[in-house]
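Taking it in order: structure first as structure tokens, then the write-up.
The values are calculated or read from the model by the stated rules, or taken from the named source; none is laboratory data. Nothing here was measured: the structure is a model prediction, and the numbers come from that model. Glycine gets a Cβ as well: all are built from the backbone with ideal geometry, and neighbour counts include every protein chain shown. Note: accessible area is taken over every heavy atom of the protein model, side chains too, but ligands, DNA and RNA are not part of it. Shrake-Rupley method; radii C 1.70, N 1.55, O 1.52, S 1.80 Å.
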Amino acid sequence: MVVSKVSDAKVAAVFPVAPETYYMELEAPEIARLAVPGQFVHVSCSSAHDPLLRRPLSIHMVSRQQGIVALLFRVVGKGTAILAQKRTGDVVNVMGPLGRGFTLPLPGSRVALAAGGIGAAPLVFLAQELANLKCPITVYLGAKNKKSLLCDGQFVQLGAEVVIATDDGSLGFQGTVPDMMRRHRDWRRTAMTYLCGPKAMMQEISAMLASADVPGEVTLEEKMGCGVGACLSCAVKIAHHGQVRQQRACADGPVFPSWQVVWD
Amino acid sequence: MVVSKVSDAKVAAVFPVAPETYYMELEAPEIARLAVPGQFVHVSCSSAHDPLLRRPLSIHMVSRQQGIVALLFRVVGKGTAILAQKRTGDVVNVMGPLGRGFTLPLPGSRVALAAGGIGAAPLVFLAQELANLKCPITVYLGAKNKKSLLCDGQFVQLGAEVVIATDDGSLGFQGTVPDMMRRHRDWRRTAMTYLCGPKAMMQEISAMLASADVPGEVTLEEKMGCGVGACLSCAVKIAHHGQVRQQRACADGPVFPSWQVVWD
Amino acid sequence: MKPNLAVNVGGIKMKNPVTTASGTFGFGLEYRPYFDLNRLGAVVVKGTTWEPRQGNKTPRLVETPAGILNAIGLQNPGVDYLVQHYAPYFATLQTKVIVNIAGSTVEEYARVAERLNGVPGIAGLEVNISCPNVKKGGLAFGSRPSTAAQVTRAVKGATDLPVIVKLSPNVTDIEEIAKAVEEAGADGLSLINTLLGMAIDIRRRKPVLGNVMGGLSGPAVKPVAVRAVWQVYRAVKLPIIGMGGISTAADALEFILAGATAVAVGTASFINPRAALDVLEGIELYLKENKITDIKELVGAAQVPGN
Amino acid sequence: MKPNLAVNVGGIKMKNPVTTASGTFGFGLEYRPYFDLNRLGAVVVKGTTWEPRQGNKTPRLVETPAGILNAIGLQNPGVDYLVQHYAPYFATLQTKVIVNIAGSTVEEYARVAERLNGVPGIAGLEVNISCPNVKKGGLAFGSRPSTAAQVTRAVKGATDLPVIVKLSPNVTDIEEIAKAVEEAGADGLSLINTLLGMAIDIRRRKPVLGNVMGGLSGPAVKPVAVRAVWQVYRAVKLPIIGMGGISTAADALEFILAGATAVAVGTASFINPRAALDVLEGIELYLKENKITDIKELVGAAQVPGN
Ligand SMILES: Cc1cc2nc3c(=O)[nH]c(=O)nc-3n(C[C@H](O)[C@H](O)[C@H](O)COP(=O)(O)OP(=O)(O)OC[C@H]3O[C@@H](n4cnc5c(N)ncnc54)[C@H](O)[C@@H]3O)c2cc1C
Ligand SMILES: Cc1cc2nc3c(=O)[nH]c(=O)nc-3n(C[C@H](O)[C@H](O)[C@H](O)COP(=O)(O)OP(=O)(O)OC[C@H]3O[C@@H](n4cnc5c(N)ncnc54)[C@H](O)[C@@H]3O)c2cc1C
Ligand SMILES: Cc1cc2nc3c(=O)[nH]c(=O)nc-3n(C[C@H](O)[C@H](O)[C@H](O)COP(=O)(O)O)c2cc1C
Ligand SMILES: Cc1cc2nc3c(=O)[nH]c(=O)nc-3n(C[C@H](O)[C@H](O)[C@H](O)COP(=O)(O)O)c2cc1C
Ligand code: FES
Ligand code: FES
């Protein structure tokens, strides 16, 4: 079985959507065809040796018909800065889809999504699939402020109920996503709550889910080398039947059951 | 005396002019104002650490009025490949003008230029100045073949007599520039013959000049680090009053008297 | 005419000189979706110890200019697991599998070697006496000729498999270590392992890696690796597997011309999962273009100017 | 409030911790058109020997991934020339000038040191026992504790100037060398000099550099340099000038947090002639942003997690 999962993808669109945040569409029909929500692509930002490694970016949306994979990324360093400077027609080498995605619920089940900041990126693709499954969705969407809020429009368009929290209260609830969720109790009656955002946020919500006995899934971020499970750079601790095992965020995740993650 | 000789220059134009050969105009008014023929600029191809060093490129032409410095370069490796991909409006960091240029003759003196391949690049700037000085110019212009011949039009426009040699005889004399010069004897009556091209060509012509007792100047190429005389990477051997001394191609050259160069 | 690419590394007959660097290619399963591993001369798998090991705290990886620092710390499922779960898969491959082994004591090295002896699917051992990322063993053994020789002898005594000893560049005199290992009976040498390095997070004012120090690999180290191969080739008669920063055939050819009989692709696979295959194909092309009929003609063929 | 940047490196009082790496900044004349050298804490000039030296054959430089290999081979006009032609200029500067010295014998080091003693305009000596690019001397002295100590003692005996000894990373145990040099009376340490490396021209099948091997510098070596500073800071009490791949203030701060009292900018000046000044300004900014009133608070401040 030799299916090439590496391809040169043409940039079909790229533009800023919020401060330091870019939306990019890549022509990558194979990836679009195979991807499931929660998976990522490993993107080569430059063909020079600096920066050396690829950058893992979640699959934000796909259009299978058009063969398009969309990314949503924040510029935080060298690699993302180079990506942000790409123009339509440029070619970007991508590997993927990689990793194991979210577990989808039975059609029609009520679900919740909790996103902090750029963590919204993979949850839009998930919401697409959940909408196809006719699942009622509540999105708990957090951001620093109104200007940096991401993807609210996309979630609304997919028919989700969107509840917003901002750190400075410039939109919606003033406070963190976990704080907001403590007040808003709908998520306690879901089949699954899906989390993506800063570690502290996911850890806090995972604890809330555990005490409410609601299943959840989180997406873990570790510094990645290979992205395929070969180098063991991205070890995370996962408890399984009372035993803590090391797993590879890239190949065994990045999605893991919220109650199994050993946060440290 | 702190004059900044480093600047971000906007690419005003860039296009291929022959196989693997590009012409590029940079908005660099300071350099245009200060440069003399034979000098070079030290060009940063990438802000990443790979490729790490700047690339020395001769000043091909300047327009002082428009503040434009033109380069003519051949794509031979990483750095020049990156440069060739720049587009109008991109910014390129350049240091210069660097080095010591050609010695100009008295106005009206007869001169000869001998160029091989990309060696024509700095000689066009020189021909501009020589034309201003009303010097009758003969250009011995060599190339692999008709297609890769460079700058013939520019030299003609500047009023020079242009004599062409190609390795395959697809245009002009079939053979090398030195071979052609052996038959064409005009250069023996010049005030100065200026050379730029492959080492072997310059060495051979330098010997011819020496035996005909004609003064010449050559432009030497050595791998350069700093470009300003600080690192001693670019040592060349120059004989002076019977003594061989090391000089720095970047700061003491790149132009040296043809009879003083110790070729090895 | 197709040039001859086959090489013999201390008794391991490889159909071509290209292999993978231990720890960068897992157990040879992870890159299967990217190319046919059977094209390679050999696959060198992750460092294996007697007991399973958890490895170091994260972060285990940090990028540096043209390189990476890793401090995985020999996380591995132990030699028994390898024998039971991976060796049967190795036996199905049409490429040679070399198992990289490590230990905290000389006895552990010997025990692991013994356990692997006679296991179908394993063509040879690569003995890691140069891992900078573990407290005990590893680099400690590889930095002195006497201990390097001791480990070599112990492993040789415990196995019939060809034994390749992997040397560290973090030494004053790599030739001296190579000679000691040769005398102790090694069948070949691998070099280089990673350079000891470190990065500091200036925001949090502490080392980036969980393990503080780590091993530097990738294109950044290539000049050091080529130099080490050049020196060792001139000091011993053993065949060398050269590695350290190889990402292209041109890089690999530098190692071969310096004296390597075979080459391993490591960090480059992270960037280009097909890197090892690309290196192989590029070497073939170079041989054809230069009308060289046998790769062995190139081994150590770089000449010192003026000599 | 302006943070205090002044540091004292073994008796050399620098108004700020930023200096230049020997051999990359000529004699302090070449970069004058690019910025005001007097802004720097010190300028370290090219390696100087007793007799003038021609240096090595060209090519003397080859680019490598994120680095360069150089084999200049200590080309310099000799100490007399320096005293006569450059020292008067040094005396006009409002920055400290440190002269890097080298020799083929212990006696030559001492003789050069003696010649420079009391010359106005010279604030200290940096003793290069780590140059990989000369046949005799250089690295040979720096790779053993005994010879490193011998050179140190000889130089200390020959001068009243502060003596900084420059160490090589091409050793098994840099702490051991640092301790020997400390005991021998050095006033400070510089590290690192270049890593021994090599590149091969696969077209011509021979080494690229005229001298075969060369010294690797630039961003590629930064992790090795930071690690060396970290180790040596924990082994000795001497102040350290840290260098190796510094191109930005962030790089410099890694060295300072690892234990360097001062930092030197080398190869980076080739790419950005203002690099040393940019590093200085970046350090100032970091201090202000982090409300640190004295740079000395940062020296060695990186903490080991969990300790
Ligand atoms: C599975 C997965 C999916 C992801 N999906 C997304 C996504 O959809 N969108 C998105 O925006 N991001 C996503 N990320 C994160 C993204 O991969 C990183 O932001 C990206 O790799 C950063 O690359 P960079 O070159 O821009 O930044 P880098 O230069 O690599 O730096 C990244 C951060 O690390 C810090 N840093 C760098 N070097 C050091 C050092 N030596 N010491 C201390 N700190 C350092 C920088 O300051 C910066 O904050 C994902 C990550 C994973 C693992
Ligand atoms: C003063 C001066 C003026 C110049 N003016 C011009 C000009 O006007 N126009 C122009 O086109 N050029 C000019 N040059 C030459 C120009 O600087 C080089 O062609 C350029 O630096 C090449 O950079 P690169 O990154 O493209 O190639 P590189 O990647 O640096 O390679 C250049 C050449 O060296 C070879 N090479 C690279 N690495 C190695 C290695 N490890 N071993 C063996 N060979 C290697 C490559 O194969 C290639 O042929 C000038 C040079 C000097 C010194
Ligand atoms: C993530 C990682 C893990 C490694 N693990 C091992 C190992 O288990 N055993 C070993 O001998 N070398 C190990 N190495 C070293 C490599 O095998 C190789 O010697 C080194 O990386 C240099 O080659 P490269 O620059 O091509 O990566 C590891 C290297 C990396 C990057
Ligand atoms: C071209 C060049 C010449 C050098 N000459 C000397 C020298 O004469 N004496 C010395 O001690 N170090 C010399 N070095 C080493 C540097 O001073 C410095 O230690 C090394 O380059 C690492 O720093 P960097 O990576 O910032 O360049 C030289 C380095 C280069 C690149
Ligand atoms: S990134 Fe290599 S194993 Fe996960
Ligand atoms: S390139 Fe540095 S001295 Fe000429």
### Task
Would you mind stating whether residue B:236 is more than 16 Å from ligand 5 (Cβ to nearest atom), outside any loop (DSSP other than H, G, I, E, B) and open to solvent by 10 Å² or more (accessible area, probe 1.4 Å)?
yes
### Message
Can you confirm whether residue C:199 is within 16 Å of ligand 1 (Cβ to nearest atom) and either buried (at least 21 other Cβ atoms within 10 Å of the Cβ) or modelled with pLDDT under 95 (or both)?
### Response
yes
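Going by what's in this entry, would residue C:220 be described as open to solvent by less than 10 Å² (accessible area, probe 1.4 Å), of a type in the set (A, V, I, L, M, F, W, C) and at the interface with chain D (Cβ under 9 Å from one of its Cβ atoms)?
Yes.
Find the helices (runs of 4 or more DSSP H) located wholly in region C:243-307 whose residues include 3 or more that are more than 14 Å from chain D (Cβ to nearest Cβ), and list them.
Correct list: C:275-289.
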### Message
Being open to solvent by 10 Å² or more (accessible area, probe 1.4 Å) and under 22 Å from residue B:52 (Cβ atoms) is the requirement here; does residue C:251 meet it?
### Response
yes
### Query
Could we say that residue B:10 is open to solvent by 20 Å² or more (accessible area, probe 1.4 Å), out of contact with any helix residue (DSSP H, G or I) (no Cβ under 9 Å at 6 or more places or on another chain) and within 14 Å of another protein chain (Cβ to nearest Cβ) here?
no
### Message
Among the residues of region C:76-99, are any more than 16 Å from ligand 6 (Cβ to nearest atom) and in contact with a Cys (Cβ under 9 Å, 6 or more places away or on another chain)?
### Response
no
### Summary
Considering region A:50-62, residues that are away from ligand 5 (no atom under 16 Å from the Cβ) and at pLDDT 95 or above, and then whichever is nearest to the other protein chains (Cβ to nearest Cβ), we arrive at A:59
## Note on the structure
Result of the Cβ filter at 7 Å on region B:84-98, keeping first residues that are touching a residue at least 24 places away in the same chain (Cβ under 8 Å) and partners that are of a type in the set (Phe, Trp, Tyr), at least 6 apart or interchain, is B:84/B:22; B:96/B:40; B:98/B:40
### Message
If residue B:94 meets every condition in (1) part of a loop (DSSP other than H, G, I, E, B); (2) modelled with pLDDT of 95 or more apart from one, which number is that one?
### Response
(1)
### Verdict on residue B:204 being open to solvent by 50 Å² or more (accessible area, probe 1.4 Å), out of contact with any strand residue (DSSP E or B) (no Cβ under 6 Å at 6 or more places or on another chain) and closer than 30 Å to residue D:26 by Cα
no
### Task
Could you run through region D:254-283 and say how many residues are open to solvent by less than 30 Å² (accessible area, probe 1.4 Å) and more than 17 Å from the chain's Cα centre (by Cα)?
4
## Note on the structure
For residue D:62, the lone unmet condition from (1) within 16 Å of ligand 6 (Cβ to nearest atom); (2) closer than 25 Å to residue C:176 by Cβ; (3) among the hydrophobic types (A, V, I, L, M, F, W, C); (4) open to solvent by 10 Å² or more (accessible area, probe 1.4 Å) is (2)
### Task
Filter region B:233-253 for residues that are of a type in the set (A, V, I, L, M), closer than 19 Å to residue B:43 by Cα and either within 16 Å of ligand 3 (Cβ to nearest atom) or facing another protein chain (nearest Cβ under 8 Å) (or both) and give the result.
B:251
### Query
Does residue D:181 satisfy being within 14 Å of chain C (Cβ to nearest Cβ) and either aliphatic (A, V, I, L, M) or in contact with a Leu (Cβ under 8 Å, 6 or more places away or on another chain) (or both)?
no
#### Entry: Hits in region B:189-218 (condition: outside any helix (DSSP H, G or I) and without any contact (Cβ under 8 Å) to a residue 12 or more places away in the chain)
B:213
### Message
Under 8 Å between Cβ atoms, which residue pairs at least 6 apart in sequence (or on different chains) link something in region A:240-253 that is away from ligand 5 (no atom under 14 Å from the Cβ) with a partner that is open to solvent by less than 80 Å² (accessible area, probe 1.4 Å) and outside any loop (DSSP other than H, G, I, E, B)?
### Response
A:244/A:238; A:245/A:238; A:245/A:239
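Looking for something of a type outside the set (A, V, I, L, M, F, W, C), within 16 Å of ligand 5 (Cβ to nearest atom), under 18 Å from the mean Cα position of the chain (by Cα) and in a strand (DSSP E or B) - is there at least one such residue anywhere in region C:203-215?
The answer is yes; a qualifying residue exists.
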### Task
Tell me, yes or no, whether region B:36-46 has at least one residue that is within 14 Å of another protein chain (Cβ to nearest Cβ), within 16 Å of the chain's Cα centre (by Cα) and within 16 Å of ligand 4 (Cβ to nearest atom).
yes
### Message
residue B:243 - would you say it is modelled with pLDDT of 95 or more and away from ligand 6 (no atom under 16 Å from the Cβ)?
### Response
no
### Task
Output yes when any residue across region B:134-141 is of a type outside the set (Phe, Trp, Tyr), open to solvent by 30 Å² or more (accessible area, probe 1.4 Å) and part of a strand (DSSP E or B), and no when none is.
no
### Query
Restricting to region A:213-232, what's the tally of residues that are within 14 Å of ligand 3 (Cβ to nearest atom), open to solvent by 10 Å² or more (accessible area, probe 1.4 Å) and at negative phi?
4
### Query
Just a yes or no: is a residue in region B:75-86 of a type outside the set (Asp, Glu), over 30 Å from residue A:88 (Cα atoms) and either more than 8 Å from ligand 2 (Cβ to nearest atom) or open to solvent by 10 Å² or more (accessible area, probe 1.4 Å) (or both)?
no
### Query
If you go through region A:180-188 one residue at a time, do you hit one that is at negative phi and assigned to a strand (DSSP E or B)?
no
### Query
For region D:197-216, what are the residues that are more than 7 Å from chain C (Cβ to nearest Cβ) and within 19 Å of residue C:251 (Cα to Cα)?
D:201, D:203, D:204, D:208, D:209, D:214, D:215
### Message
Here's a check for you: in region D:1-43, which residue that is among the polar types (S, T, N, Q) and over 18 Å from the mean Cα position of the chain (by Cα) is surrounded by the most Cβ atoms within 10 Å (Cβ to Cβ)?
### Response
D:4
